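Heads up: the structure comes next, in structure tokens.
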Amino acid sequence: MKEQPRLRPTSMQAVLLPNNRAIRAIDHLSQYVVGKQVFIQRMAIDRNGRTVAELYVDDINVGQDLVRRGHADIDRNHAGSCVWTR
């Protein structure tokens, strides 16, 4: 079986499991991406080998929307490359 790419949306910090907020974030993210075409704008590779990227579905920035809805926080240590975090 082919290994799936590991992605991390840039400029946001997800809440750690187990936590009700984290579970809601996973559910919301799944609604966005499962069965849909996702545009990936690669920014970097993190220390864990994941692709750090802006993710877009239907012209909506997924990370920005997760932050806006309270499912994630802006990661101020890595937010410099994203206009929406300023």
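Since every read-out is calculated from the coordinates, none of them should be taken as a lab result. As the structure is a computational prediction, the values presented were derived from the model and not from experiment. Cβ sites come from the backbone with ideal geometry, for glycine too, and all protein chains shown count toward neighbours.
Brief remarks on what is shown
- Taking packing as the residue-averaged number of other Cβ atoms within 10 angstrom, the listed peptides 37-44, 23-30 run from highest to lowest as 23-30, 37-44.
- In this simple spin-label model, placing a label point 7 Å from the Cα along the Cα-to-Cβ direction at both Ser30 and Arg42 gives a separation of 2.8 nm.
- Computed from label points 7 Å out along Cα-Cβ, the spacing between Arg86 and Asp59 is 2.2 nm.
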